[in-house]
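Presented below is the structure to which this report refers.
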Amino acid sequence: MAGIELHSNEGGQALPAWSLPKDAVDRISLPVHWPDRVTREWAWDGAAGAGTRVCILDSGVEADHPTVGGLESAVAISLGDDEEVVVTEDEEGDLSGHGTACAGIVRSLAPECSLSSVRVLGAGFTGTGGVLLAGLRYAVEQGFDVINMSLSTTKKPFASVLHELADSAYFKRTVLVASAHNMPVESYPWRFSSVISVGSHEEPDPFTFFYNPTPPVEFFGRGVNVEVAWLGGRTVTVSGNSFATPHLSGICALIMSKHPELTPFQLKSVLYLTATNVGG
Amino acid sequence: MTNEDFRAAVASGVTGSEDAFRSLLSAIVEVARSIFGAKASSILLLDEDAHELVFEAAVGEGEDSIIGMRFPAGTGIAGWVLATRTPLVIEDVKKDPRFASDVAEDTGYIPSGLMAAPLLNDENALGVLEVLDRPERSQFSLQEMELLGLFANQAAIAVDLLLRARRAKRVLDGDEADLTVVAELAAAMDGLEDRRRTAGFALLRDLAQTLGAR
């Protein structure tokens with residue numbers, strides 16, 4: 001935990017404090033110097049995503065697609081016979097095109113970020129709650145800065161575990177950016193407050209995004225008539241909430257590369273303050 | 001033979017035939033195609049046992065050969081929509097060689113644009129509604145996405161009924177063939193008009209008494 005050191009154990013190590021005595025207030029050192037006014041210029045001008053690791057949790061990614069420009073890693077998640085989690089290097093790439101599209105969008109916004117693929121969909125498994133959970137847990141354990149996910153599960157038994165996982169990611173400074181559903185479906189984890197949920201607007205500018213004060217969808221990003229990378233090295237035009245999500249992921253990657261010390265809470269605040277309908 | 005099986009048998013007798021539901025699915029894809037001014041529309045259902053998506057209704061180009069065709073459930077655009085339970089719209093599909101090698105090529109009709117929405121019922125994703133090649137003149141809008149979702153919801157209700165009827169029928173075709181007569185009785189009663197129905201019930205009550213049920 002940054003900045004608060006109030007007690008030492010016998011070895012002289014700092015222990016986190018769970019309360020704040022009067023004399024300790026001055027010793028909280030906030031890592032980020034917050035400007036008088038948070039602007040888009042402060043937030044991401046000059047940034048290209050360098051040093052930020054983004055994970056695409058989806059159907060896989062076609063690594064050699066020109067728009068994707070290479071992956072740091074690619075794994076596939078499945079469940080074995082005894083429901084144990086199996087993580088293998090992904091040889092199959094993308095079996096639908098969607099993961100590639102998301103990777104391409106993030107790359108186009110944050111060209112110097114690192115992209116990785118965690119595949120939880122594909123022939124043989126259809127993103128069951130168990131696989132989604134395993135995939136998300138794996139991605140959180142890898143310590144990615146941003147995890148882009150267009151998936152959810154409606155199965156209630158998974159909700160509480162996903163909630164814990166989303167919260168643990170939040171406190172470990174991994175930002176979860178997830179697509180909201182278009183329909184009033186009770187599904188998870190996009191509804192959790194620790195997750196940045198994204199729906200689609202109809203504007204053409206990739207940097208246009210709106211803050212929505214009415215839950216559960218928090219932000220609207222560009223998701224209509226987007227030219228994206230698709231299978232076979234191609235480019236197609238697509239629409240859907242699931243394409244607005246990587247726009248926000250890309251913008252998060254930019255902000256985090258310029259201000260790597262931001263906590264998810266601060267990052268969300270920056271997104272709010274720079275939203276097109278707020279200060280942006 | 002359980003209570004559940006008897007209930008299923010009665011349900012099977014009165015909930016309508018496979019043909020009636022096929023007609024309903026056909027009507028849905030017809031309307032979907034018409035409203036969007038599209039060239040074709042189809043409904044794919046998930047065969048859970050085989051883990052495949054199967055074309056169950058189709059209208060428009062390619063409709064003749066497509067019904068019954070199947071492919072692995074986790075693949076392609078329909079597979080993605082099914083797994084994620086979110087709609088997706090894609091244009092210039094034919095530029096994707098992997099799509100062409102899909103079912104589309106076998107039917108002789110390769111669409112260039114595709115809208116797909118999941119058929120959701122309670123917690124389950126039953127299948128996918130597809131609308132192919134909407135007119136190129138118009139840019140896609142969120143309003144169309146919403147309309148697509150509404151159609152998919154309606155289709156899902158019909159599909160759910162269809163699947164229940166099928167499950168009920170499987171009960172009869174399987175171990176519980178004896179129950180066919182129960183289904184037939186239920187269907188017969190359902191089809192009677194008032195006076196004959198009253199007489200029918202009187203007969204059944206007497207039968208029940210004879211059998212010691214009352």
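The values are calculated or read from the model by the stated rules, or taken from the named source; none is laboratory data. Remember, predicted model here, so these are calculated numbers, not experimental data. No Cβ is skipped: glycine too gets one built from the backbone with ideal geometry, and neighbour counts run over all protein chains shown.
Listing for the model above:
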{"item": "Filtered residue count, the range A:156-173, keeping only those that are within 14 Å of chain B (Cβ to nearest Cβ), of a type outside the set (A, V, I, L, M, F, W, C) and either assigned to a strand (DSSP E or B) or closer than 27 Å to A:ALA74 by Cβ (or both)", "result": "0"}
{"item": "Members of the range A:227-247 that are surrounded by 24 or more Cβ atoms within 10 Å (Cβ to Cβ), assigned to a strand (DSSP E or B) and more than 7 Å from chain B (Cβ to nearest Cβ)", "result": "A:ALA229"}
{"item": "Unmet requirement for B:GLU123, which otherwise passes all of (1) facing chain A (nearest Cβ under 7 Å); (2) farther than 18 Å from A:HIS98 by Cα; (3) at pLDDT 80 or above", "result": "(3)"}
{"item": "Condition met for A:ALA139 (within 14 Å of chain B (Cβ to nearest Cβ), of a type outside the set (Val, Ile, Thr) and either part of a helix (DSSP H, G or I) or surrounded by fewer than 24 Cβ atoms within 10 Å (Cβ to Cβ) (or both))", "result": "no"}
{"item": "Number of the exception - A:LEU176 against (1) modelled with pLDDT of 95 or more; (2) within 14 Å of chain B (Cβ to nearest Cβ); (3) in a strand (DSSP E or B)", "result": "(2)"}
{"item": "Residue ID - farthest from the other protein chains (Cβ to nearest Cβ), chosen from residues in the range A:187-206 that are within 17 Å of A:ILE251 (Cα to Cα) and outside any loop (DSSP other than H, G, I, E, B)", "result": "A:ILE196"}
{"item": "Selection within the range B:27-53 - surrounded by fewer than 18 Cβ atoms within 10 Å (Cβ to Cβ) and without any contact (Cβ under 8 Å) to a residue 60 or more places away in the chain", "result": "B:ALA27, B:GLU30, B:SER34, B:ASP47, B:GLU48, B:ASP49, B:ALA50, B:HIS51"}
{"item": "Members of the range A:157-170 found to be in contact (Cβ under 8 Å) with a residue 24 or more places away in the chain and either surrounded by fewer than 20 Cβ atoms within 10 Å (Cβ to Cβ) or under 20 Å from A:VAL86 (Cα atoms) (or both), listed by number", "result": "A:PRO157, A:PHE158, A:ALA159, A:VAL161, A:LEU162, A:HIS163, A:LEU165, A:ASP167, A:SER168"}
{"item": "Residue within the range A:207-224 that is more than 18 Å from A:LEU273 (Cβ to Cβ), assigned to a helix (DSSP H, G or I) and within 14 Å of chain B (Cβ to nearest Cβ) present", "result": "no"}
{"item": "Matching residues, the range A:20-72, being part of a loop (DSSP other than H, G, I, E, B), among the hydrophobic types (A, V, I, L, M, F, W, C) and under 18 Å from A:VAL228 (Cα atoms)", "result": "A:VAL61, A:ALA63, A:VAL68, A:LEU71"}
{"item": "Given (1) within 21 Å of B:ALA27 (Cα to Cα); (2) at pLDDT below 85, index of the condition B:GLU136 fails", "result": "(1)"}
